[in-house]
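Note sheet for the following structure.
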Amino acid sequence: MGGAGQGEPPVSPRSKRQEKMKQYLHTIDRISEWSGKIFSWLLVVTMVIIAFEIFMRIFGSSQVWVFDVTLFTAGSVYLMGGAYTLWRGTHVRMDIFYIRFSPRTKALFDLITLPGFIVFVGILLWQGGVRAWESFQMKEILFTAFQPPVWPVRWTIPIGALLIFLQGLAEAVRDVYMVAKGEKLE
């Protein structure tokens, strides 16, 4: 354990804060990574269900539940994978000019678009939460032949939005650091 008087320079409060910030950012990154990896397995489930349905149609026995379950699983992957996609930097962009910018200029442009991101994700979180809660309270079902409950899937909207918001906040902190210091905050 180093410190003043033991041959090592004392750790400044600024570098302690920076290390703490890196820990927070790393935690958000891991949450985004693992939520994406876990929910990506629903794609396998979706493919198995679709393959099952194709097989059953060959024998003239289409299943009433397949469309609804496929819609729910694929929708959940889409919503819960947003933070993972943001963490990986693989969201669709207008790359005509952006890819030619320096990392500092990219960070500046990302910060300029941050208010739009906050508004969009904020509305998604707020309205998604309202609808999920209403759906839960009324035990909403889908009005199809299968009639599955909708409320569990509706909760993926605000949860996914929260994860996207947290990852967006982490990216914004990194962008501020890049613009201010000209180097990545790892």
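Would you mind pulling out the separation of the Cα centroids of region 158-183 and region 19-53, in Å?
Taking the Cα centre of region 19-53 as reference, the centre of region 158-183 is 18 Å away.
State to the nearest 20 debye the size of the charge dipole of region 13-181 about its Cα centre, where the only charges are +1 on K and R beta carbons and -1 on D and E beta carbons.
Rounded to the nearest 20 debye, it is 840 debye.
Please name whichever of SER40, LEU162, GLY129 sits farthest to the positive end of the charge dipole of the chain, dipole taken about the Cα centre and charges placed at Cβ: Lys and Arg +1, Asp and Glu -1.
The residue sitting most towards the positive pole is LEU162.
Before rounding to the nearest 500, sum -39500 (n - 2.57) across all DSSP H runs of length at least 4 in the chain and divide by the residue total; then give [θ] at 222 nm in deg cm²/dmol. Before the final figure, lay out each step's value.
Working: 8 runs with 136 residues, N = 186.
Using -39500 (n - 2.57) per qualifying helix, the result is -24500 deg cm²/dmol.
If Lys and Arg each add +1 and Asp and Glu each add -1, what is the summed charge of the other residues whose beta carbon sits under 12 Å from the beta carbon of GLY36?
My count for the surroundings of GLY36 gives +1.
Whole-Å semi-axes of the chain's equivalent ellipsoid, largest first, each the root of 5 times a Cα gyration tensor eigenvalue? List each step's numbers first, then the result.
Working: eigenvalues 359, 71, 62 Å².
Over the Cα atoms of the chain, the semi-axes work out to 42, 19, 18 Å.
Could you grab the relative contact order for the chain? Cα pairs under 8 Å, six or more apart, rounded to a whole percent.
Dividing the mean separation by the residue count of the chain yields 26 percent.
FYI, it's all coordinate maths here, none of it is from the lab. In this text, all values refer to a predicted model and were calculated from it rather than measured experimentally. Every residue, glycine among them, receives a Cβ derived from its backbone with ideal geometry; neighbour counts consider all protein chains shown.
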